[in-house]
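Structure record follows, encoded as structure tokens.
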């Protein structure tokens, strides 16, 4: 199947060459990296492999660093605690409140660490590909959050109570159905959709930009002197994009868990 | 360029086998995403979070224990301070009492000493007075006997006769002294009567001459 992929790539290149430009702009196809199995609907992609590696890596490192957790932390435990406290105190406790937050810390911390490392895969050799640039992964994560916040809301208030609590008190009777409609759309459509698309879109676009600058710089090097000179600012721009992406990738992981925590907090809230 | 790029994208869309529109999820990835978060959640919730939370709990307990100890120490220090202050107050009161006592005692001592000194002084004065009186008496007595002797010698020289006779001598002297004391005999009288008596009697003149220094009559005799 690698052969087929290569063949497909060659075909594309050939087609582009025949187009006359010589430079092939990156297309969404750069995210399509089937590695095992067929290259069809059930292909195992490179992102899945790296995603699996990230889970193993995170599990091993985090278990090792927290195994001998003591009152006086070792250096490793200290680092682990700093990372853990960011999700625990900075997100879960601040958003959900000291009363209920501890129950949701494992989920939010898992989400944060998983998204963060997979986002940073986008700029880390040898991966150089953000896992979340494939929409399937953000959808999976959002599905978990979606089920969790609806589940705890319904468990707490009952199905009717859950829907009733979406509409704030003290509204005139005639406006309540409209608000209810809007809130239902928010709760069941807008929130999961934006949560998944925000993460996906940022990773997708960021990776496209980096590939564009790097491939353009590399292409310029193959051309005559003027273009070779032009490759310098292009590579500088690529480097800037790397730093910028590192920030965006962190921020997206943070925003994802922050919003997840806020949805959970909203479902748990006693009043609006 | 723009056109060729689009053309190539379209071409690649058409040619890249299995590639879908970016927003269509690849089902194995979606399922594997669920597996990933599931596995990681299991590891985190059973192996990572409990350990860390346990350490946090122990740390909190240790800190609270430390706080309790510190509070206890502070309470002890407070108690010690109060005790110390009470003692200090007591000592100060005591010192005041002692000072008052000492002052009173001093005052009484001063009064006593003053009384004693006054008594001593009066005693000394008294004894000095007595001594002076005694000495005066003694002087009077000795003067009296000496004056007697002197005047006897003087008289015997003047009158040229021996007044050895004790009784006569004593009687004469006593009489003379008595006259002196009673004021019957005065020095002025003697001196005034001397020139008047001189021609009348020989004895006063001679006495005068004897006492004086530049009288030729006296020198003759």
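The values are calculated or read from the model by the stated rules, or taken from the named source; none is laboratory data. Small disclaimer: the values here were computed from a predicted structure and weren't measured. Every residue, glycine among them, receives a Cβ derived from its backbone with ideal geometry; neighbour counts consider all protein chains shown.
Screening the candidates A:247, A:226, A:251 for the property of being in a helix (DSSP H, G or I) and either surrounded by 13 or more Cβ atoms within 10 Å (Cβ to Cβ) or in contact (Cβ under 8 Å) with a residue 24 or more places away in the chain (or both) yields one hit, A:251. Here residue B:131 meets the list (1) under 46 Å from the mean Cα position of the chain (by Cα); (2) within 30 Å of residue A:64 (Cβ to Cβ) almost entirely, failing just condition (2).
Among the criteria (1) modelled with pLDDT under 90; (2) in contact with a helix residue (DSSP H, G or I) (Cβ under 9 Å, 6 or more places away or on another chain), the one residue A:209 does not fulfil is (1). Cβ separations smaller than 6 Å between residues 6+ apart or across chains give the following pairs from the stretch A:122-142 residues that are at the interface with chain B (Cβ under 10 Å from one of its Cβ atoms) to residues that are crowded, with 23+ Cβ neighbours inside 10 Å and in a loop (DSSP other than H, G, I, E, B): A:131/A:121; A:136/B:26. Here residue A:189 fulfils each of the conditions (1) without any contact (Cβ under 8 Å) to a residue 12 or more places away in the chain; (2) more than 24 Å from residue A:262 (Cβ to Cβ) apart from (2). Applying a threshold of 7 Å to beta carbon distances and a minimum spacing of six or more residues, or different chains, the list of pairs starting in the stretch B:62-89 at a residue that is within 29 Å of residue A:71 (Cβ to Cβ) and ending at one that is modelled with pLDDT under 90 reads B:62/A:71. Each residue in the stretch A:130-171 was checked for being surrounded by fewer than 23 Cβ atoms within 10 Å (Cβ to Cβ) and outside any helix (DSSP H, G or I), and 5 of them qualify. Residue selection: residue A:177 satisfies the criterion of being exposed (fewer than 13 other Cβ atoms within 10 Å of the Cβ) and over 30 Å from residue B:22 (Cα atoms).
Could you say whether any residue in the stretch B:184-195 is modelled with pLDDT under 80, loosely packed, with under 11 Cβ neighbours inside 10 Å, out of contact with any helix residue (DSSP H, G or I) (no Cβ under 9 Å at 6 or more places or on another chain) and not in a helix (DSSP H, G or I)? Checked against the condition, which is being modelled with pLDDT under 80, loosely packed, with under 11 Cβ neighbours inside 10 Å, out of contact with any helix residue (DSSP H, G or I) (no Cβ under 9 Å at 6 or more places or on another chain) and not in a helix (DSSP H, G or I), the stretch B:184-195 yields no hits at all. When B:30, B:13, B:40, B:52 are screened for being in a helix (DSSP H, G or I) and modelled with pLDDT of 95 or more, only B:40 passes.
State whether one or more residues within the stretch A:64-83 are facing another protein chain (nearest Cβ under 7 Å), part of a helix (DSSP H, G or I), within 20 Å of the chain's Cα centre (by Cα) and buried (at least 23 other Cβ atoms within 10 Å of the Cβ). No, because not a single residue in the stretch A:64-83 is facing another protein chain (nearest Cβ under 7 Å), part of a helix (DSSP H, G or I), within 20 Å of the chain's Cα centre (by Cα) and buried (at least 23 other Cβ atoms within 10 Å of the Cβ). The single residue among A:36, A:23 that is modelled with pLDDT under 85 and touching a strand residue (DSSP E or B) at 6+ places or on another chain (Cβ under 6 Å) turns out to be A:36. Before we move on, is residue A:154 over 25 Å from the mean Cα position of the chain (by Cα) and more than 27 Å from residue A:50 (Cα to Cα)? Yes: the conditions hold for residue A:154.
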